[in-house]
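What follows is a short report on a single structure.
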Amino acid sequence: MKLTARLLLSFALVALFAAGFGAFLAFRAAQTDVRRFFRDQFGEQVMPPAGTPGPGRRFGPPPQRDRELLLERLRDSQVQAAVFAVLVGLLAGGYLAYRSVSPIRHLTDVTRRYARGDRQARARVRGSDEIAELSASFNQLVDQLAAEEAQKQRMVADIAHELRTPLTVLRGELEVLQAGLMEPTPHTLGRLIEGVDLLTHLVQDLRLLTLADAGGLSLNRAPLELAALAREALAAFGTRAEARGVRLEFAGSELSLPADRERLLQVLYNLLDNALRHTPEGGEVRLETALGGPWGLLRVRDTGPGIPPEHLPHVFERFYRADKARTRESGGSGLGLAIAKALVEAHGGQITARNAPEGGAVLEVRLPLSKG
């Protein structure tokens, strides 16, 4: 029962109880006073027994003074009954109010404990009224904050790890060059530049995700042909796919929608890069475009081993790798799919991952056909 209905019902019951109890007390007191009055006025017997001398019934109205005394006693009895009924009603109402306010006091105490740093504080949920719903919402919010805090801590640790390894390598090689133990050959300098580029790319990825989180990711929307963009993305990966022995295929129809060309191209690059990493030699990566209701669809299919079911809910998380043994060189930074998700959602779209029945992974992007 909702709190409002419960309070109204409680107040109505208290009022009815107090009124009924007061009326009962007043009736009993009035009955006693009236009986006493008639006994005093007319005696115990209405008619004396036959042949028995006695005063018999008194005739005529009672004296004025006796009537006034009766009215005073009736009034006093009603006042006493009303006062007693009010006291009983206050006690019953106070008890009900205490029972109603007790969950609020408990929730207030829990929020204060949480504010003081007790991150394990949770509200007790009883019933299904508004207070119970508020307590459940508070617990849900606290659990969500705890999960976000844990995710942030993991992300900071991952960032530190991702930066530490290339920085250590760069520092080591620079110290060797500084000590004169190695000549600064073009190959050595090129390797150092690659390390710097790698760090620069990682910092740019993190900045993009930070902008997306803050809602500051700007998009330059313009009418865009999806099929032409898909072919351009496939052409950029042609050499790499050939070197790995993987076929690149395109299938789909022409369709146009408003989108940021550079951002959407980055999405396709990340999806194709992920697909090529997981497609064995002799396999195939297919990029498809299609129309699905109010959405323009982009699908990247591969013939790799697919995504283990336990990893499917996490593939778009930052720094997440299904294969923990993969290094940055063999498995990327773990930010590609997270960036793709952020860019797609900035367009008002959706991105999902699933396994195809015939094998391999399917990553699907849905983009609105209008700015909406």
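The values are calculated or read from the model by the stated rules, or taken from the named source; none is laboratory data. Keep in mind it's a predicted model, so treat the numbers as computed, not measured. Positions of Cβ are generated from backbone atoms using ideal geometry, with glycine treated the same way; all protein chains shown enter the neighbour counts. What goes into the accessible areas is simple: the full protein's heavy atoms, side chains included, and nothing from ligands, DNA or RNA. Shrake-Rupley method; radii C 1.70, N 1.55, O 1.52, S 1.80 Å.
Values for this structure:
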{"read-out": "Close pairs from the stretch 231-245: first open to solvent by 70 Å² or more (accessible area, probe 1.4 Å), partner in a helix (DSSP H, G or I) and of a type in the set (D, E, K, R), Cβ under 9 Å, at least 6 apart", "value": "Arg240/Asp273"}
{"read-out": "Selection status of Glu194, farther than 30 Å from Ile339 by Cβ and at pLDDT below 85", "value": "no"}
{"read-out": "Of all residues making up the stretch 167-224, the number that are open to solvent by 50 Å² or more (accessible area, probe 1.4 Å), of a type in the set (D, E, K, R), part of a helix (DSSP H, G or I) and closer than 30 Å to Leu257 by Cβ", "value": "2"}
{"read-out": "Filter result for Ser137 (part of a loop (DSSP other than H, G, I, E, B), among the hydroxyl-bearing types (Ser, Thr, Tyr) and surrounded by 11 or more Cβ atoms within 10 Å (Cβ to Cβ))", "value": "no"}
{"read-out": "Residue among Leu276, Leu287, Leu298, Leu265 that alone is surrounded by 22 or more Cβ atoms within 10 Å (Cβ to Cβ), within 15 Å of Phe237 (Cα to Cα) and in contact (Cβ under 8 Å) with a residue 24 or more places away in the chain", "value": "Leu287"}
{"read-out": "Selection status of Leu367, in contact with a Leu (Cβ under 6 Å, 6 or more places away or on another chain) and at pLDDT 90 or above", "value": "yes"}
{"read-out": "Sole exception among (1) touching a Phe, Trp or Tyr at 6+ places or on another chain (Cβ under 6 Å); (2) open to solvent by 60 Å² or more (accessible area, probe 1.4 Å) for Val156, by number", "value": "(1)"}
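Conditions tested, residue by residue: (1) modelled with pLDDT under 90; (2) in contact with a strand residue (DSSP E or B) (Cβ under 8 Å, 6 or more places away or on another chain).
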| position | (1), (2) |
| --- | --- |
| Gly292 | yes, yes |
| Trp295 | no, yes |
| Leu298 | no, yes |
| Asp302 | no, yes |
| Pro313 | yes, no |
| Lys324 | yes, no |
| Thr327 | yes, no |
| Ala361 | no, yes |
